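Presented below is the structure to which this report refers.
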Number of protein chains: 2
Amino acid sequence: MTKVLVVDDEPQIRRALRTSLEAHGYEVVVVGTGEEGVLAAADAMPDLLLLDLGLPDLDGTEVIRRVRAFTEVPVIVLSVRDAQHDKVAALDAGADDYVTKPFGMEELLARARAAMRRAAPEDPAPPLLRYGELEVDLARRLVIRDGQALHLTPTEYGLLEALVTNPDKLLTHQWLLRRVWGQGYGTETTYLRTYVRALRKKLGDDAARQGLIVTEPGVGYRWVGEPTFGASSTD
Amino acid sequence: MTKVLVVDDEPQIRRALRTSLEAHGYEVVVVGTGEEGVLAAADAMPDLLLLDLGLPDLDGTEVIRRVRAFTEVPVIVLSVRDAQHDKVAALDAGADDYVTKPFGMEELLARARAAMRRAAPEDPAPPLLRYGELEVDLARRLVIRDGQALHLTPTEYGLLEALVTNPDKLLTHQWLLRRVWGQGYGTETTYLRTYVRALRKKLGDDAARQGLIVTEPGVGYRWVGEPTFGASSTD
DNA sequence: TCGGGGCGTGAGGGATGCGTGAAGACCTGC
DNA sequence: GCAGGTCTTCACGCATCCCTCACGCCCCGA
């Protein structure tokens, strides 16, 4: 059955969405916070995600970014905010559609159908990546080494996520800086050196050997960690 | 270049869309009727279709249906009508999004990016080139020989890319130097000798035999690697 | 047959960029 | 206001890469 994940903190909206969706034959999972939403997107593997932007814990675009780290599930944003820059930010973060509250249920259902119709066939890529004794849980933003959870700073995790979600690909300095630090960056290669070093240290990687992160001099870095357990390439 | 087909009969909207889209680097084709729109969708093969619902000749949903008969191109509907049943009809007919006039141009551009991003996976050109035991992955900037990743310096890779992307074509010294080293170069054939040698060595090619890189004395070089087809590692 | 230009080969100097270590600036929660 | 953690910045060896030069070979024309 088609499964829809609803992430919203307003009881009224939650009830209305659940009722209407179930009446149309969808299986519905409802959670109330952004953190729960990201986890549910990983665990429940829904076919569609309806996301409220005004969540209490996380910014909406942040939720989209985290979900997009491990799944291509269609995301429709529901929001009371009608400002253009909110829509642009959400859509560019990876959302598929943006509906302003209050919305008509028939329209929402039609947009949901359109989004799911377009969706690519679901690839069962597990949000848990393993590289020997290293585990990266993209949904929980958790990194485990030798059974022990590692503490990564936000920047370190952002860098790791950028690397592991683009395996074997040469990521240029500029690309990494823009992705992890923001659009205004692109030349600060000393940042990269510092954080790549910190990551290597925490992951137990060695700059000299080609273990996990390979340096491509003058160009960028590349994640070459061999995934263990399960299928590999995720194109 | 990304091509956008605009189907609208209002001169004001046409001008505004053309200006904004071209300012953002899109190639724009504009027609004024539904019949023309369907034909242009087939002939011009656009990457995105912006469709006004209030056309003089055909009903908007009919245009969508006809277009959908032969292409999966993303369709965004522009309409003055805000009624739910119009949106539902358009979306269920095969549209990907529905924007009500008057709309903000930034929002429209963001929705266009989202629609095209989702359609992107049907990329028919796998950038993985194979020549016997040599693989060149242009997307990942990865070169593999006998199952082992090769380490190429930026200049070496730039030269290889120039050669591989112009197979069987005679590339002059000047052309190669300008492409790999920059506009200010053109006479430094010693650079080419040095780097062609390094490339041949790493690729396992032999200058004497005509394996991969052929020397055209006094003129330039030519890539003659025979592409082999077969099961690639990315399936 | 001889000479010269172009090419392949090998090696080396200089500059760039990287890894490393450390320290100050900043921010955030208590 | 304070303390801990985090981000940014700097200096210093060192490996790597780009560029350069010298030499011998082959092909081609005189």
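The values are calculated or read from the model by the stated rules, or taken from the named source; none is laboratory data. Because the structure is a prediction, the values reported are computed rather than measured. Virtual Cβ from ideal backbone geometry, glycine too; neighbours counted across all protein chains shown.
Points worth noting:
- Hits in the stretch B:139-158 - residues which are among the acidic types (Asp, Glu) and in contact with a helix residue (DSSP H, G or I) (Cβ under 6 Å, 6 or more places away or on another chain): B:156
- Restricting attention to the stretch A:175-200, the residues that are more than 14 Å from chain B (Cβ to nearest Cβ), more than 10 Å from DNA strand D (Cβ to nearest atom) and under 18 Å from residue A:224 (Cβ atoms) add up to 3.
- Exactly one residue out of B:99, B:88 is in contact with a strand residue (DSSP E or B) (Cβ under 8 Å, 6 or more places away or on another chain) and of a type outside the set (Phe, Trp, Tyr), and it is B:99.
- Pairs, first within 22 Å of residue A:69 (Cα to Cα) in the stretch A:177-192, second of a type in the set (D, E, K, R) and not in a helix (DSSP H, G or I), C-beta under 8 Å, six or more apart: A:177/A:188; A:181/A:188
- Qualifying residue in the stretch B:127-138 (condition: surrounded by 15 or more Cβ atoms within 10 Å (Cβ to Cβ), within 12 Å of chain A (Cβ to nearest Cβ), of a type in the set (Asp, Glu) and touching a helix residue (DSSP H, G or I) at 6+ places or on another chain (Cβ under 7 Å)): no
- Residue tally, condition part of a strand (DSSP E or B) and either of a type in the set (Val, Ile, Thr) or at pLDDT below 95 (or both), over the stretch B:6-36: 6
- Boolean, residue B:78 is under 17 Å from residue B:18 (Cα atoms) and more than 17 Å from the chain's Cα centre (by Cα): yes
- The condition of being surrounded by fewer than 15 Cβ atoms within 10 Å (Cβ to Cβ), within 11 Å of DNA strand C (Cβ to nearest atom) and among the hydroxyl-bearing types (Ser, Thr, Tyr) holds for only one of A:187, A:153, that being A:187.
- Boolean, residue B:211 is surrounded by 17 or more Cβ atoms within 10 Å (Cβ to Cβ) and outside any helix (DSSP H, G or I): yes
- Taken as a whole, the structure places residue A:67 among residues that are aliphatic (A, V, I, L, M), surrounded by 19 or more Cβ atoms within 10 Å (Cβ to Cβ) and in contact with a Leu (Cβ under 9 Å, 6 or more places away or on another chain).
- Considering residues of the stretch B:139-172 that are within 13 Å of chain A (Cβ to nearest Cβ) and within 28 Å of residue B:47 (Cβ to Cβ) only, the residue farthest from DNA strand D (Cβ to nearest atom): B:139
- Number of residues in the stretch B:28-57 that are more than 16 Å from residue B:80 (Cα to Cα) and touching an Asp or Glu at 6+ places or on another chain (Cβ under 7 Å): the value is 6.
- Residue match in the stretch A:103-112 (condition: more than 10 Å from chain B (Cβ to nearest Cβ) and in contact (Cβ under 8 Å) with a residue 24 or more places away in the chain): no
- Applying the set (1) crowded, with 19+ Cβ neighbours inside 10 Å; (2) at positive phi to residue B:5 leaves exactly one unmet item: (2).
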